[in-house]
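Read the structure below first, then the notes.
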């Protein structure tokens, strides 16, 4: 019995209407995610042919940086591209620290600051450590996290209004409230959507991909969205750095939330 050896994610209902999911004529049609072996992604070209791509290999779309339960990430010369079953195609700067829009991709330009960012909060990518650092006053960071906690989570998934959508587990989405109550009796990691929902909520305020999963906060495994947010807030308020261990873009597994000083 090796049920846990292979998580088959062939979501052929995959591309829900309205998702722009084509990259150079290819569409992501499925993912075979094997935690103990090399994961692969299945892509269909508009001419009807299929290709199977594996982590580490180079194909015409670029080098396959990562295949996770939700997406395949290609490393291209001027950008990183995430093809997701839930969100279609998203483009990022080569270091993964900034989401790119169509104009950025067509004519890259440097801007003095991201218009989204509050001047009280700065986000930087650290190539040497492969980590993203979010720095600001404890008050500003606390407000940012409160904003993330109030986000829509799974309810904000594209097409969520149709009553549920396919996920990497192959089942319908639960509501944000249900997943916030994740606990040790949730049936195991495959059924615990708290890491994905926490990633979705934080991605909204960090401008990172919604496919990002937060699997650990400092030393604690993410099992409950609400408890994770409460813990992050409590650490920020006393001026402690919080480390989020993630999967997905940015090409790192850590995001540091660094208050300049204790709250108050």
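In the range 35-54, which residues are surrounded by fewer than 17 Cβ atoms within 10 Å (Cβ to Cβ), in contact with a strand residue (DSSP E or B) (Cβ under 6 Å, 6 or more places away or on another chain) and modelled with pLDDT under 90?
Answer for the range 35-54, where residues must be surrounded by fewer than 17 Cβ atoms within 10 Å (Cβ to Cβ), in contact with a strand residue (DSSP E or B) (Cβ under 6 Å, 6 or more places away or on another chain) and modelled with pLDDT under 90: just 38.
Go over the candidates 232, 236, 255, 249 one by one and state the one that is part of a loop (DSSP other than H, G, I, E, B), in contact with a strand residue (DSSP E or B) (Cβ under 7 Å, 6 or more places away or on another chain) and assigned by TED's automatic domain parsing to the domain that holds residue 134. Full working, then the answer.
Values: 232 fails: part of a loop (DSSP other than H, G, I, E, B); 236 fails: part of a loop (DSSP other than H, G, I, E, B); 255 fails: part of a loop (DSSP other than H, G, I, E, B).
Matching residue, one of 232, 236, 255, 249: 249.
Taking the options 199, 151, name whichever one is assigned to a loop (DSSP other than H, G, I, E, B) and at pLDDT 75 or above.
Numbers: 199 fails: assigned to a loop (DSSP other than H, G, I, E, B).
Result: 151 is the single residue among 199, 151 that is assigned to a loop (DSSP other than H, G, I, E, B) and at pLDDT 75 or above.
Please determine, by comparing only the residues of the range 70-98 that are surrounded by fewer than 20 Cβ atoms within 10 Å (Cβ to Cβ) and at pLDDT below 80, which one is nearest to residue 52 (Cα to Cα).
The extreme case among them is 95.
Which of the residues that make up the range 219-255 are modelled with pLDDT of 90 or more and within 14 Å of residue 131 (Cα to Cα)?
241, 242, 243, 244, 245
Output the residues belonging to the range 19-34 that are farther than 19 Å from residue 56 by Cα and at pLDDT below 90.
Answer for the range 19-34, where residues must be farther than 19 Å from residue 56 by Cα and at pLDDT below 90: 19, 20, 21, 22.
Quick check: anything in the range 39-62 in a strand (DSSP E or B) and touching a residue at least 60 places away in the same chain (Cβ under 8 Å)?
So far as the range 39-62 goes, no, none of its residues is in a strand (DSSP E or B) and touching a residue at least 60 places away in the same chain (Cβ under 8 Å).
The values are calculated or read from the model by the stated rules, or taken from the named source; none is laboratory data. Everything numeric in this text was worked out from a predicted model, so none of it was measured. Here the Cβ is made from the backbone with ideal geometry for all residues, glycine too, and neighbour counts use every protein chain on show.
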